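The block underneath contains the structure these notes are about, expressed in structure tokens.
The values are calculated or read from the model by the stated rules, or taken from the named source; none is laboratory data. All values reported here derive from a predicted model rather than from experimental measurement. With ideal geometry, Cβ positions are generated from the backbone for all residues, glycine too; neighbour counts draw on all protein chains shown.
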């Protein structure tokens, strides 16, 4: 079994562990916040910030590090970095410290090069990974964020266990194209699912807000392709996808658990193509710029 598969399988237990991690370092209700990450961490930031803002907790924006608007005011900035060594995140934290902007670093590896610039560091070291491809740290961080918003993470973990037991059909492994769709906070999950399939298995994936799918992207749907929806399926979409011959993939449970199914599919497709999901081409565990 690949390292990636082992790490995917550990997620239900890790999500339950965040229930014991204090959330007092995270933004308070009413604060205007930005959450910054790169790659997978950016997509997790998208999911958290949309969920927080939709719950009326305060203005919440997500940015990839190089696109952070320094001229915009935020009460607090949260940086998410599995390794704590990503150059762009270190630069952001350095700039925040110089400007006196309150900040929090969420990481799997404490006391790294980003630590001196963080006001508070939350270390989820029990969710660290060996594989280059992020799975369990990202979802555990999102479980931690969602727990702070009052979401039922224990139920999500139960759904994730069910997702680990779900059979992956061979037709999904063989599909020549997959489009991931989401609404509200699950758009971040759709973005992450698309990335996982590209990273691990070099698959052709596309990602859209669900209601945008009918404004052009549905034109590529056909037999042998998947249309994968996180969360509720918009009214009428099932019939429209069926008419194209593509397969509609849904999940009866927490959308974060549906991401676990997508992670498993990424590994299955990689192995079917003779690829090692632990070491995707052109990628490293952390992007460190010289």
| query | Restricting to the stretch 163-193, what's the tally of residues that are on the phi < 0 side of the Ramachandran plot and in contact with a helix residue (DSSP H, G or I) (Cβ under 7 Å, 6 or more places away or on another chain)? | reply | 21
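Residues in the stretch 186-210 that are over 26 Å from residue 143 (Cα atoms) and out of contact with any strand residue (DSSP E or B) (no Cβ under 7 Å at 6 or more places or on another chain): how many? First the steps, then the outcome.
Let us first name the residues in the stretch 186-210 that are over 26 Å from residue 143 (Cα atoms), namely 202-204.
Next, from what is left, pick out any that are out of contact with any strand residue (DSSP E or B) (no Cβ under 7 Å at 6 or more places or on another chain): 202.
Total meeting the criteria: 1.
Taking residue 113, is it in a loop (DSSP other than H, G, I, E, B), more than 20 Å from residue 18 (Cα to Cα) and touching a helix residue (DSSP H, G or I) at 6+ places or on another chain (Cβ under 9 Å)? Don't jump to the end; show me each part of the working.
On the way: in a loop (DSSP other than H, G, I, E, B): yes; more than 20 Å from residue 18 (Cα to Cα): yes; touching a helix residue (DSSP H, G or I) at 6+ places or on another chain (Cβ under 9 Å): yes.
For residue 113, the condition - in a loop (DSSP other than H, G, I, E, B), more than 20 Å from residue 18 (Cα to Cα) and touching a helix residue (DSSP H, G or I) at 6+ places or on another chain (Cβ under 9 Å) - is met.
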| note | By residue number, the members of the stretch 28-38 that are touching a strand residue (DSSP E or B) at 6+ places or on another chain (Cβ under 8 Å), within 26 Å of residue 231 (Cα to Cα) and assigned to a loop (DSSP other than H, G, I, E, B) are 38
| Which of the residues belonging to the stretch 214-241 are more than 22 Å from residue 197 (Cβ to Cβ) and exposed (fewer than 13 other Cβ atoms within 10 Å of the Cβ)? | 215, 235, 236, 239
| said: Checking residue 104 against (1) in the same structural domain as residue 47 (by TED's automatic domain parsing); (2) crowded, with 18+ Cβ neighbours inside 10 Å; (3) touching a residue at least 60 places away in the same chain (Cβ under 8 Å); (4) touching a helix residue (DSSP H, G or I) at 6+ places or on another chain (Cβ under 8 Å), only one condition comes out false. Which one? | reply: (4)
| request: Take the stretch 165-185 and flag every residue that is in a strand (DSSP E or B) and either within 17 Å of residue 220 (Cα to Cα) or out of contact with any strand residue (DSSP E or B) (no Cβ under 8 Å at 6 or more places or on another chain) (or both). | output: 177, 178, 179, 180, 181
| Unmet criterion (only one of (1) buried (at least 17 other Cβ atoms within 10 Å of the Cβ); (2) out of contact with any strand residue (DSSP E or B) (no Cβ under 9 Å at 6 or more places or on another chain)) for residue 150 | (1)
| Test set (1) outside any helix (DSSP H, G or I); (2) over 19 Å from residue 232 (Cα atoms); (3) touching a strand residue (DSSP E or B) at 6+ places or on another chain (Cβ under 9 Å) - residue 134 fails condition number | (3)
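Out of all the residues in the stretch 45-64, which are assigned to a helix (DSSP H, G or I) and either in contact (Cβ under 8 Å) with a residue 40 or more places away in the chain or surrounded by fewer than 21 Cβ atoms within 10 Å (Cβ to Cβ) (or both)?
So in the stretch 45-64, the residues assigned to a helix (DSSP H, G or I) come out as 45-54.
Selection gives 45, 46, 47, 48, 50, 51, 52, 53, 54.
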| task | Quick one: which residue in 241, 173 is without any contact (Cβ under 8 Å) to a residue 24 or more places away in the chain and over 19 Å from residue 62 (Cα atoms)? | result | 241
